[in-house]
Number of protein chains: 2
Amino acid sequence: MTEEKKSDATKKVGGWRQKSQTVVYDNPWIQVRHEEVERPNGTEGIYGVVHFKSRAIGVIALDEYDNTWLVKQSRYPNDETTIEIPEGGGPLDEAPLEAAKRELKEETGLSAHSWELLMELRTSNSVTDEVGYIYLATDLTSGEQSLEDTEDIELLKVPFKQAVDMAMNGEIVDAMSLAALFKVALMKTKL
Amino acid sequence: MTEEKKSDATKKVGGWRQKSQTVVYDNPWIQVRHEEVERPNGTEGIYGVVHFKSRAIGVIALDEYDNTWLVKQSRYPNDETTIEIPEGGGPLDEAPLEAAKRELKEETGLSAHSWELLMELRTSNSVTDEVGYIYLATDLTSGEQSLEDTEDIELLKVPFKQAVDMAMNGEIVDAMSLAALFKVALMKTKL
């Protein structure tokens, strides 16, 4: 599980230089790399980088009555239950839109005839390279949920305004959900 | 660097059970844990959890002319330069507000006489336990920047409306920055 790449100060972004890279952990979802680096000010240091093998995919689905869907689910790393927009992982070699269609269908049973890329984001870029894509899905058709075996989910259908209130008052704390709900709310105020 | 904790299915959130935990990587900022788990549907699985030793701290500073401060900086994990609100890490045993005051001072030179907790969030909760706190800082006094040796930062002072436009049009992609700028923009539309 360990491999090493050594070179004389490979150029990286800004003033950073990568001097070595060792894979210290690898599973189907992440790879953790310990790197020796030269910092922007020229001093020596280390960097632990968490590489994500999937993109974070999120979907805001809106029906013709301006309802949206939220999911209440357990999040293992923080040992807590949170309320979020439908989210899931999409492999890096899969088009993000295809992953979004699959995740929406799995978690809510919904299919959408209209898809719009709402935003691209970096979730935690001091340590990870995780990239997120969030879509706005409209013109909806309902169907059957088909959850993955890691998902224990309670589905909530709420007026979009209520979802935004939950984001404003702290009931929703997931960063992707917050950014996406707020962005759609701002788009609506500008119509 | 390796320690093991074994038990008969420690209870975790929702349907998850933790069966073992092994620390596979540890540095001053993160600890990576490989865990054997029982999934919500009862099947056996593994979970790689990235524990953060710091909170993510962000600050939106607003002056009396409704200007705000953004920083353009290199982000090593994604090998890219991004534009963000002032952000940094605050150790878990330090009050988040103290970390916010320090980060704002370091990156912008500003001190603020008024501080309000704008939001608490989870940045990437499928893999990490990172928690973020973002503050709104007003009633500002200017001073000297004092950057850490990992920071190569270009400071931008822009009208708040321009920062929101940059978030809306995709020039800003950092999730904490997006959530915070959008929330303040919504708070302003409701005044």
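Each value in this text was obtained by applying a stated rule to the coordinates, not by laboratory testing. As the structure is a computational prediction, the values presented were derived from the model and not from experiment. Cβ atoms come from the backbone with ideal geometry, glycine included; neighbour counts cover every protein chain shown.
Assorted remarks:
- Largest-first principal axis extents of the Cα set of region A:14-101 (Å): 57, 28, 26
- Spacing of the two label points (7 Å from each Cα toward its C-beta) at residue A:146 and residue B:27, in nm: 4.1 nm
- Cα gyration tensor shape of region B:70-191, rounded if a/c is under 1.5, else prolate or oblate by comparing a/b with b/c: rounded
- Inter-label distance, residue B:138 to residue A:190: 2.4 nm, where each label sits 7 Å from its Cα along the C-beta direction.
- In a simple Cβ point-charge model (Lys, Arg +1; Asp, Glu -1; nothing else charged), chain B has a dipole of about 920 debye relative to its Cα centre.
- Computed P(r) (all Cα pairs; region A:83-153; 5 Å bins; percent): 3, 15, 25, 25, 20, 9, 3, 1
- Full-extension gain in nm, residue B:51 to residue B:156, via 0.36 nm per residue minus C-alpha separation: 34.6 nm
- Rel. contact order, % - alpha carbon contacts under 8 angstrom, at least six apart, region A:1-159: 21 percent
- Relative contact order of region B:123-191, pairs being alpha-carbon contacts under 8 Å that are 6 or more residues apart, as %: 30 percent
- Reported to the nearest whole Å, the Cα centre-to-centre distance from region B:57-135 to region A:100-117 is 33.
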